[in-house]
Each structure stands twice: as structure tokens, then as C-alpha cells.
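As C-alpha cells, the structure follows; a few thoughts come after it.
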Amino acid sequence: DTGVSQNPRHKITKRGQNVTFRCDPISEHNRLYWYRQTLGQGPEFLTYFQNEAQLEKSRLLSDRFSAERPKGSFSTLEIQRTEQGDSAMYLCASSPSGGNGGELFFGEGSRLTVL
Amino acid sequence: GDSVTQMEGPVTLSEEAFLTINCTYTATGYPSLFWYVQYPGEGLQLLLKATKADDKGSNKGFEATYRKETTSFHLEKGSVQVSDSAVYFCALYGNNRLAFGKGNQVVVIP
């Protein structure tokens, strides 16, 4: 399978703990996005990378959130000191060139439950 | 900022019924418009797109026409099947990202 891969698929944690999600984009896709989706809502943009450079972060991305893409391949999204409001599905998407005009390839998501 | 509004609520239909899901947008300029679909247990995937006014996107029997005058991109299908049961998201591409509507769950009953 050469699609976008996200791990873990589901994470349950206690409030105050740190969690990290990993995204492996489609090979050679140079743009990578993170979105967050809560129940009954559409995906909300968090941040995106062009190769290893993080080009934009949403105001939704508080100081407790950090994303990296160190070698321009896989990316990690870390949430420190989790809060119950962080419970959501975290989606990763990639595209082959720039934003590919909006044609993004999404992973199946990582669901976070904060108790 | 750019935004997309979808009609409220889930949609429940009988097989072979006609489906319409309304979508309107607010944007500066003329963004590309999309419908993405999320089948149960799967990731979001592109269903169809239109890049300029009056363009019609189509795929799998679904169609949507980019209407600049009404800022709309309504999704239609003439005869739905049980396999069309999914969540459908309207989206626009601008400022290097997709902006999504809230989505509509479609349930097709045999």
C-alpha cells in the first residue's frame, strides 16, 4: 500500500500527558498537511510543510502543539500536556507538487481520546 | 476568510432516489471547488472538482457545477445506491490549503 500512512490509529491518554502522531506521506510528495476533525465538523487546517519547511501554522495550533518534518519525508505532530478539548481525529494529507491545486491524498487519521 | 457552508443535517434516502447536497462558499477571488467523500472506516478521498466558473465536475455518477453568480457548488446524483452511504464534504482551495464545510452524512436505505 503506497497511500498516506498514519500511526497510531487510535490513542487514549490521560489529561496532561504528551502524545505524538506520525504521518508517512506518499513517496516523493513534497507537501504535507495536518488537519483536525472533531465530531460533526469538517476538517480544520492546522499546518503545512513544503519539504522540510513549515510554511504556515493556524491559530488553532496552540503552543502545546508542535509539528516537524525533519528530512522532508515523514512528519510528527506532538501535543504536550493534553487537554480534553484535544480529543479529535488528526488527519494527515500529502500532495505531489505544491498543493496540487487542492487535490490532496489523506490518511485514515489518528484518533485521540483524552480522558 | 474563505469558508464553505453546507446544508444542515444528515440525509436519508431510499435506493434509486435523487440526491442533492447544497454547498455555498465565501472567498476572495475564484478558488477551485471540491467534493470529498469519507466512506465508513476510510480516509477522505476526492470525489470531484471544478476549477473555474461554469465548470462541471463529475465522477461515479455524481455531478456539481461551479456557479459564480450564486457562489454555489451543489452535489447531485440521479440514482443513489446503498454503496453511496458516506459523509460528503464540500471544500475550496485557497491560500495553499483546503477549507471544508461541516459535511453531510448520507444514508441510503435499500
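Here are a few things to note about the model shown:
- Residue within the range B:47-65 that is assigned to a strand (DSSP E or B), hydroxyl-bearing (S, T, Y) and facing chain A (nearest Cβ under 10 Å) present: no
- Scanning the range A:65-84 for residues that are over 14 Å from the mean Cα position of the chain (by Cα) and free of Cβ contacts under 8 Å to residues at least 24 places away in the same chain yields A:P70, A:K71.
- Conditions (1) within 10 Å of the chain's Cα centre (by Cα); (2) facing chain B (nearest Cβ under 10 Å); (3) of a type outside the set (V, I, T): number failed by A:G102: (1)
- Of all the residues in the range A:31-43, those that are more than 14 Å from the chain's Cα centre (by Cα) and farther than 20 Å from B:G94 by Cβ number 2.
- Residue check, B:T71 farther than 12 Å from B:Y88 by Cα and polar (S, T, N, Q): yes
- Strands (runs of 3 or more DSSP E) completely within the range A:46-115 that count 1 or more residues being surrounded by fewer than 20 Cβ atoms within 10 Å (Cβ to Cβ) and of a type in the set (D, E): A:53-57, A:65-68, A:75-79
- In this structure, B:E42 does satisfy being part of a loop (DSSP other than H, G, I, E, B) and within 11 Å of chain A (Cβ to nearest Cβ).
- Test: B:Y93 is in contact (Cβ under 8 Å) with a residue 24 or more places away in the chain and within 13 Å of the chain's Cα centre (by Cα): no
- Subset of the range B:66-107 that is small (G, A, S) and in a loop (DSSP other than H, G, I, E, B) - its residue that is farthest from B:V4 (Cα to Cα): B:S79
- Only residues that are of a type in the set (G, A, S), under 15 Å from B:Y39 (Cβ atoms) and buried (at least 22 other Cβ atoms within 10 Å of the Cβ) were counted across the range B:62-107, and they come to 1.
- Number of the condition not met by A:I26 [criteria: (1) touching a Phe, Trp or Tyr at 6+ places or on another chain (Cβ under 7 Å); (2) more than 30 Å from B:G57 (Cα to Cα); (3) surrounded by fewer than 21 Cβ atoms within 10 Å (Cβ to Cβ); (4) β-branched (V, I, T)]: (2)
- Residues within the range A:34-88 that are within 10 Å of another protein chain (Cβ to nearest Cβ), of a type in the set (A, V, I, L, M) and under 16 Å from A:R22 (Cβ atoms), tallied: 1
Values quoted throughout were computed directly from the atomic coordinates according to the rules given, and no laboratory measurement underlies them. As the structure is a computational prediction, the values presented were derived from the model and not from experiment. All Cβ positions, glycine included, derive from the backbone under ideal geometry; neighbour counts span all protein chains shown.
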